[in-house]
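Trainee: I'd like to ask some things about the structure below.
Quick note: the coordinates plus some simple rules give every number you see, no bench work behind them. The shown structure was predicted, so the numbers you read here are calculated from the model rather than taken from an experiment. When we count neighbours, we look across all protein chains shown, and the Cβ atoms used for this are built from the backbone with ideal geometry, even at glycine.
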Amino acid sequence: MDLLSYFPVAPDADDIPAVMPSPFCHTPHPLAEKAVRMLQQRLSISDALSVTGKMYGVLVVRDTDGQIGFLSAFSGMMNGLWQIPGFVPPIFDLAEHDRFLPEGNDELAVLTAQLEGLEASLQDAPFRQQISQLQVQREQSLAAMKQQHQANKAVRRQQRLQLRDMPDTAERESRMAALALASQQQKRQATNAALLWHDKLHAVQVKLDALQQQIMQIKDARSAKSRRLHRRVFESYRLENRLQEKHPITHFFADGTPPAGSGDCAGPKLIHYALQHRMQPLALAEFWWGPSPSTGVRHHGHFYPACRGKCLPILPFMLRGLEVEPEPDYGLGIAADEPQIVFEDDAIVLVNKPAGLMSVPGKYVKDSVFTRLLDRYPQCPELKLIHRLDMGTSGLLLVAKNMQANSFLQRQFIQRRVEKRYEAVLSGVLPADKSEGEIDLPLRIDFDDRPRQMVCYQHGKAARTRWQVIARSNDTVPATTRVWFYPLTGRTHQLRMHAAHPDGLNMAIVGDDLYGSGAERLMLHAQRLCFTHPLTREWIQFEVPTPF
């Protein structure tokens, strides 16, 4: 089979995993890593592959003859193509897509052209300008009329005063009636003028509303057609496993709506192809090859686990019927007496969180600083964490014992009156001319690969970090830089992203398995915390030694 590559020397039995490692493990099996090196050698000499960064993957398999080899795949499309020689095809049937996609895309293109034309008309048509001008003219006209009517009213009032002194004659009655008639005519004139201006404005507003209604109808029609087309596309991704269970990919996502690109990652492609051709999956590895994307952090040649947003819902089903190691279970092995108390009084508790313990319970892991403190302080039902640290980050974590202290301290964090300093070790040596600075990169969640963050200037939240070099270790292997971070905002993964991103320090923190490479631990420690005490109103400072 031309898509199956074999190792130059057949692996020994001891080199073959007895149980398939979890696709969500950060460290690949040695045999999968060996297959990756062979693929990377091929990538490094090929001119026909992607010129931009891309995620690739290999799947070590046992073929129908019992031989050990590996399959290769890339995520998504490459150079506008779904299929490239030497790589497994997509999960869906290209011929099936060709039967309905072109027509569907053409229909969407027609609606888009209509929409663009109407929006151009709306932009060019002077409806809003006309309405604005008419409103100004109406106010000026009605104001002038009101001023004239008030003057006329004053004259009539004076005339009525003069008529009071006249004898009660027919002439006096006639003149009083004329004044009353003039008053009524003036009221009708004001009412008619207001109605006239209303009709003028309404006529233009009707035209504007009609055009906007057309635009909304076409937008709704396009959205509905696009949803139907996307659903039909995703329904063509038919997943199955060794137990002969079959489902379209829409089955695994809420409302039958998978995230864009679901099923197109390298991992699902590889497993699907292997099962279709009766190969036994043994070990999966995925890696990034090429420049890092501008929005996120991917390092050339680094390994990454299968993404959680698109792959976690489907890979366990696809691997059902195979022996697979469970997903890594984090947060275990933390001593029962952790976290250690640094300071405590009637209002607050300050703890030194160990690396590997979550701040609050997660979706799958319940053990956390918060749950442990609740057990430790049953007399404090209002206990609240004021802020959080990533599971891999150690250091100072502030906790309020009651709602009053919580409110007071939360205001300090919101108003950025709390001083925080973190110590970190970077996986490289910063140039000598880079000793301090500030990073300003807005961040938001990567919805397709939670909990990873990404830089986004359009929808991201402001994220700013001051940094300062403490020491450079050129003689160590690997060489590193020790820095202090001063977060001026408190976004999720802010320090890790600002360290690793090319527009930041371009050096991941040692042990950062999301944005760099895994190690014994994440070398990030919340070393110093300063704030105003909620009871004494004193400015207090705390420091704990860095454990690495």
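Trainee: Holding the Cα-Cα limit at 28 Å, pick out from LYS225/LYS310; LYS54/LYS434; LYS34/LYS54; LYS219/LYS246 the pairs that are longer than that.
Mentor: LYS54/LYS434; LYS219/LYS246, as the Cα separations exceed 28 Å there.
Trainee: What does the charge count near ARG491 come to, summing +1 for each Lys or Arg and -1 for each Asp or Glu among other residues with Cβ under 10 Å from its Cβ?
Mentor: Local net charge: +3.
Trainee: Another question, if that's okay. Identify the GluC sites (Glu not before Pro) of segment 300-393 meeting these criteria: DSSP loop state and at most 14 other C-beta atoms within 10 Å of the C-beta.
Mentor: Taking segment 300-393 and a limit of 14 other Cβ atoms within 10 Å, the loop GluC sites (Glu not before Pro) found are GLU323, GLU382.
Trainee: So how strong a dipole does segment 1-102 carry about its Cα centre when Lys and Arg Cβ are +1 and Asp and Glu Cβ are -1, to the nearest 20 debye?
Mentor: So the magnitude is around 320 debye.
Trainee: Give the label of the value calculated from the structure for Cα extents along the principal axes in Å, choosing from (1) 65, 61, 50; (2) 130, 73, 51; (3) 89, 68, 49.
Mentor: For Cα extents along the principal axes in Å, the calculated option is (2).
Trainee: Taking the Cα centre of segment 340-543 as the origin, how large is its charge dipole in debye, to the nearest 20, when only Lys and Arg (+1) and Asp and Glu (-1) carry charge on their Cβ atoms?
Mentor: The calculation lands at about 480 debye.
Trainee: Now a separate question. Based on the Cβ-Cβ distance of LYS246 and ASP367, what FRET efficiency does E = 1/(1 + (r/R0)^6) give at R0 = 45 Å, to the nearest 0.05?
Mentor: 0.75
Trainee: Can you give the helix-only mean residue ellipticity at 222 nm for the chain, where every DSSP H stretch with n ≥ 4 adds -39500 (n - 2.57) and the sum goes over all residues, rounded to the nearest 500 deg cm²/dmol?
Mentor: Result for the chain, helices only: -12000 deg cm²/dmol.
Trainee: Additional query: With each label point set 7 Å from Cα along the Cα-Cβ vector, what nm distance links ASP65 and GLU323?
Mentor: A separation of 2.5 nm, rounded to one decimal place.
Trainee: With everything on Cα atoms, drop me the angle between helix 127-164 and the longest principal axis of the chain, reported from 0 to 90° to the nearest 10.
Mentor: 30
Trainee: Quote the relative contact order of segment 390-548 in percent (integer), defining contacts as alpha-carbon pairs under 8 Å separated by 6+ residues.
Mentor: Here the relative contact order equals 29 percent.
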